[in-house]
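Scroll down for the structure; my scribbles are underneath it.
The values are calculated or read from the model by the stated rules, or taken from the named source; none is laboratory data. On a predicted model such as this, the values are computed, not experimentally measured, just so you know. Neighbour counts are summed over all protein chains in view; Cβ atoms, including those assigned to glycine, are modelled from backbone coordinates with ideal geometry. Please note that ligands, DNA and RNA were not included when accessible areas were found on the heavy atoms of the full protein model with its side chains. Shrake-Rupley method; radii C 1.70, N 1.55, O 1.52, S 1.80 Å.
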Amino acid sequence: MTLSKAGGPPGDFFLCDVFGARPKNDLGTMEHPIFSLATKPDRRILSYTHNGTDVTVTPSVRGRATIHDKDILIYCVSQLMAAINAGRAVSRHLRLRAHDLLMATNRDTSGDSYARLVQAFERLAGTRITTNIETGGQETTAGFGLIESWEIVRKARGGRMVSVSVTLSEWLYRAVLSKSVLTLSRDYFRLRKPLERRIYELARKHCGRQPDWQVGVGVLHLKAGSTAPIRVFRAALRRIIAEDHLPDYTLEELPGDRLRVRPRRAGPAPGTGPAPMSGDTLEAARAILPGRDVHALEAEWRAWWEASGRERLAAPERAFLGWCRTKAARDKG
């Protein structure tokens, strides 16, 4: 079989073209400190052990992949999950438009942004991980890159990047297929400080919609992957608490050097909201809004229903489909 330059068979690419895909992050890299929080090239080897999981992250000469580089993976995972939920075939070989990636991750589209994107791909491909993290119900001790390969297509005139071909690691792709992912707030991409992003990831992973999550600052320092002294890390946490602009969650310092994380807005009490939509209803929604992530649509409809006062619904599934038709009409108009 002849392989393409990006490492996959010709025609075996998944095209990233799902409009408005909700940001998704894989559980493995949310739980463990794979990505560097440094703003300068980080060439240190990271060794991390927690609750039976061992992780060694070895950077290339370009430095370890940063938490801002991770935006590329979040975009790829989001596109794959939206396609899976829409019933489309997927592949770990992806083709994406660089402009769409920059826009979706709240970046400008200047020439410098495209240059930084190239640097991010180089760090992602060069960072090697050895771990026994479980994904898709399998525990595998293996070494791999965050992405296996990448390739850029440019216009002949001006050199502007047009499209990028990416091959994800089998490890990350298996996490997507097993749906070992969580939805992020779109405002995640507005967080500029690396530690803010990492604290949000951990809050989303461990707190979710629970009333709260409490953690010792020492444990949080380890899980965040911070290389700062604990006193500096503690001071940075206090600044995040004071500024209070993390999406979805608030932070509170507790006695005993502990931190409490709480959702900003509690969801409806169990059993008080509409029951999950049936498979037939989701298929009907997919027909009304083809190419859209129907599970994301259901979540959006539930958020709209809560914000509108949670009016009692005699026929929730019919109401949901009516909302989808209204949305489809607006999209066309």
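See the values below:
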quantity: Heavy-atom accessible area per residue - the chain, 1.4 Å, Å²; calculated: 49 Å²
quantity: Hz values of 3J(HN,Hα) by residue in the stretch 46-52 - Karplus curve (6.51, -1.76, 1.60), Gly and Pro given as x; calculated: 9, 10, 9, 9, 7, 6, x
quantity: Alpha-carbon radius of gyration plus Dmax, which is the widest Cα pair, for the chain in Å; calculated: 20.9, 62
quantity: Entries of 24/332; 40/70; 179/223; 24/193; 40/205 with Cα pairs more than 18 Å apart; calculated: 24/332; 179/223; 24/193; 40/205
quantity: The chain: calculated mean residue ellipticity at 222 nm from DSSP helix runs of at least 4, using -39500 (n - 2.57); calculated: -12000 deg cm²/dmol
quantity: Whole-percent carbon and sulfur share, accessible surface of the chain, 1.4 Å; calculated: 51 percent
quantity: Span-rule helices in the chain, defined as complete DSSP H runs reaching 15 Å or more along the axis (Cα) with Kyte mean at least -1.0; calculated: 70-85, 111-126, 230-243, 294-307
quantity: Around residue 254: net Lys/Arg minus Asp/Glu count, Cβ-Cβ under 11 Å; calculated: -2
quantity: Share of alpha-carbon pairs per 5 Å distance bin for the stretch 205-333, given as whole %; calculated: 2, 9, 15, 15, 12, 9, 10, 9, 9, 7, 3, 0
quantity: Listed peptides 16-23, 284-291, 206-213 by packing density, highest first (mean Cβ within 10 Å); calculated: 16-23, 284-291, 206-213
quantity: Estimated translational D of the stretch 60-211 in µm²/s (Stokes, Kirkwood radius over Cα pairs; 4 °C; 1.567 mPa s); calculated: 78 µm²/s
quantity: Peptides 183-191, 292-300 ordered by average Cβ neighbours within 10 Å, highest first; calculated: 292-300, 183-191
quantity: Where 193, 40 fall by accessible area, highest first, once all protein chains stay in place (1.4 Å); calculated: 40, 193
